[in-house]
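**Q** Mind having a look at this structure? Questions to follow.
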Amino acid sequence: MRSFGPPEVLRLEEVPTPVPGPGEVLVEVHAVSVNRTLDLIVRSGKYPRPVELPHVLGVDPSGVVVAVGEGVRQRKVGDRVASHLRLDSGPATQTTVLLGVNIWGGYAEYVRLPERSTYIVPDGLDFVTATVVARHAPLAFAMLREKVRVAPGEWVLVMGAAGGLGSVAVQVAKYLGAKVIAAAGSDARVKAACELGADAGVNYRAADLTAEARRIAGRGVDIVLENIGDPELFRAAFRSLGPNGRLVTAGSHGGGVVPLEVTHLYFNHITIMGWTGQSDADVDESLKAAAAGRLRVLVDRVLPLAEAAEAHRIVAERGGIGKVVLVPSARP
């Protein structure tokens with residue numbers, strides 16, 4: 001993209017193949033997903049971080065290492081790897097370097113990555129699945145296990161339960177022993193999330209989310225995983241929390257400015273947290289769980305790189321269920 005704007009600003013161009021520097025690897029990209037905020041919003045020019053043009057999007061490429069730079073010790077040519085969008089060490093901040101945002105990303109046949117930002121894809125796990133799992137499951141593990149400390153038997157309400165983060169959060173919550181209510185905006189999306197293991201589901205466009213969640217969970221849910229940031233939906237999810245409830249959020253594509261019912265907050269001793277961090281262990285565990293069949297992904301469709309603009313239109317229309325994934329490499 002050489003300008004910001006609608007999907008049509010995405011153009012397929014031939015550029016020189018990157019050369020890995022010290023501590024870097026060159027990856028032939030086999031899959032990269034299309035993300036609403038980190039791709040569509042960046043493309044529009046409305047992302048809160050500065051983005052230099054010309055730019056290549058793509059925050060979560062996976063593929064095969066084809067070259068290594070000086071000093072690389074943990075990766076070799078032929079390794080199958082997934083990636084992390086954060087390219088520097090330390091806690092996530094507004095100055096963190098993000099792949100596909102601050103530097104060229106994975107909408108390409110080849111991408112240059114720091115060795116430390118790559119993770120081995122287990123044998124038998126395909127690249128499309130690895131890309132989606134590495135993008136969303138580590139954050140779900142971090143939010144549910146590290147931040148809200150979900151305990152076996154607790155009720156977790158997952159918002160946007162058929163989306164990228166929501167669909168894996170349903171499964172991670174079950175993996176950690178919780179009971180799950182999958183909330184989504186259509187009957188088809190609720191059904192898809194329930195097929196991933198949720199104990200119950202609610203279509204929040206057709207039913208009273210608060211009433212239904214409280215009916216299912218009794219005195220209220222223990223945890224809400226919120227990744228929408230829509231004013232009405234946030235209020236309904238927040239009201240679903242019972243005593244000592246915890247709400248953790250990592251999304252704002254629904255607007256991001258929401259009301260807060262302070263009386264419900266203090267009478268029920270509720271905690272609200274925002275979180276975007278994850279550890280290397282979260283990524284490794286996610287990929288291993290997927291390879292073992294314990295994490296599945298929802299994929300709406302897989303398209304060639306040349307159809308990136310169409311992929312953005314599809315994601316913007318919100319018509320499908322699951323991720324849209326681009327396949328830059330013609331090889332399997």
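**Q** More than 19 Å from N35 (Cβ to Cβ), modelled with pLDDT under 95 and not assigned by TED's automatic domain parsing to the domain that holds V170 - does that describe any residue in the range 269-280?
**A** Yes; the residues of the range 269-280 include at least one that is more than 19 Å from N35 (Cβ to Cβ), modelled with pLDDT under 95 and not assigned by TED's automatic domain parsing to the domain that holds V170.
**Q** Moving to a separate point now. Hey, among V257, V283, V202, V248, which residue is part of a loop (DSSP other than H, G, I, E, B) and among the aliphatic types (A, V, I, L, M)?
**A** Unique residue meeting the criteria: V257.
**Q** May I ask you to list the residues in the range 273-308 that are in contact with a Lys or Arg (Cβ under 8 Å, 6 or more places away or on another chain) and of a type in the set (A, V, I, L, M)?
**A** M273, A290, V297, L298, V299 - these are the residues of the range 273-308 that are in contact with a Lys or Arg (Cβ under 8 Å, 6 or more places away or on another chain) and of a type in the set (A, V, I, L, M).
**Q** For V158, only one of the following conditions fails: (1) touching a Leu at 6+ places or on another chain (Cβ under 6 Å); (2) assigned by TED's automatic domain parsing to the domain that holds K76. What is its number?
**A** All conditions pass for V158, except number (2).
**Q** Within the range 216-226, does at least one residue satisfy the condition of being under 23 Å from T271 (Cα atoms), small (G, A, S) and touching a Ser or Thr at 6+ places or on another chain (Cβ under 8 Å)?
**A** Within the range 216-226 (the criterion being under 23 Å from T271 (Cα atoms), small (G, A, S) and touching a Ser or Thr at 6+ places or on another chain (Cβ under 8 Å)), the answer is yes, since at least one residue qualifies.
**Q** Residue check: is A198 surrounded by 23 or more Cβ atoms within 10 Å (Cβ to Cβ) and over 30 Å from K46 (Cβ atoms)?
**A** yes
**Q** While we're on this one: Take the residues of the range 172-221 that are of a type in the set (V, I, T) and free of Cβ contacts under 8 Å to residues at least 40 places away in the same chain: which is farthest from A137 (Cα to Cα)?
**A** As a first pass, look at the range 172-221 and keep what is of a type in the set (V, I, T): 172, 180-181, 190, 202, 210, 216, 221.
Adding the requirement that they be free of Cβ contacts under 8 Å to residues at least 40 places away in the same chain leaves 180, 190, 202, 210.
Working: V180: 16, V190: 19, V202: 22, T210: 26 Å.
So, considering only residues that are of a type in the set (V, I, T) and free of Cβ contacts under 8 Å to residues at least 40 places away in the same chain, the one farthest from A137 (Cα to Cα) is T210.
**Q** Kindly establish whether V59 is part of a strand (DSSP E or B), of a type outside the set (F, W, Y), surrounded by 15 or more Cβ atoms within 10 Å (Cβ to Cβ) and touching a residue at least 60 places away in the same chain (Cβ under 8 Å).
**A** no
**Q** Just checking, how many residues over the range 131-162 are among the aliphatic types (A, V, I, L, M) and assigned to a strand (DSSP E or B)?
**A** Kept after step one, since they are among the aliphatic types (A, V, I, L, M), are these residues of the range 131-162: 132-134, 137, 139-140, 142-144, 148, 150-151, 156-159, 161-162.
Next cut, assigned to a strand (DSSP E or B) only: 156-158.
So the count comes out to 3.
**Q** Another one. Considering Y204, Y175, which residue is among the hydroxyl-bearing types (S, T, Y), in the same structural domain as H269 (by TED's automatic domain parsing) and buried (at least 24 other Cβ atoms within 10 Å of the Cβ)?
**A** Y204
**Q** Which condition does L165 not pass, out of (1) within 14 Å of Q278 (Cα to Cα); (2) of a type in the set (A, V, I, L, M, F, W, C); (3) not in a helix (DSSP H, G or I), if it passes all the others?
**A** So the condition that L165 fails would be (3).
**Q** Would you please list the contacts, defined by Cβ atoms under 7 Å and residues six or more apart or on different chains, that run from a residue in the range 11-26 that is in the same structural domain as A308 (by TED's automatic domain parsing) to a residue that is outside any loop (DSSP other than H, G, I, E, B) and polar (S, T, N, Q)?
**A** Sorted first by the residue in the range 11-26, then by its partner, the pairs are V25/T118.
**Q** Let me ask something else. Give the range 228-287 a look and list any residue that's in contact with a Ser or Thr (Cβ under 6 Å, 6 or more places away or on another chain) and within 18 Å of A213 (Cα to Cα), or say none. Give the derivation first.
**A** Taking the range 228-287 first, the residues in contact with a Ser or Thr (Cβ under 6 Å, 6 or more places away or on another chain) are 229, 236, 239-240, 246, 250, 253, 274.
Passing the criteria: A236, R239, S240, R246.
The values are calculated or read from the model by the stated rules, or taken from the named source; none is laboratory data. The model shown is predicted, which means the values in this text are computed figures rather than measured ones. Every residue, glycine as well, gets a Cβ built from its backbone with ideal geometry; the counts of neighbours run over all protein chains shown.
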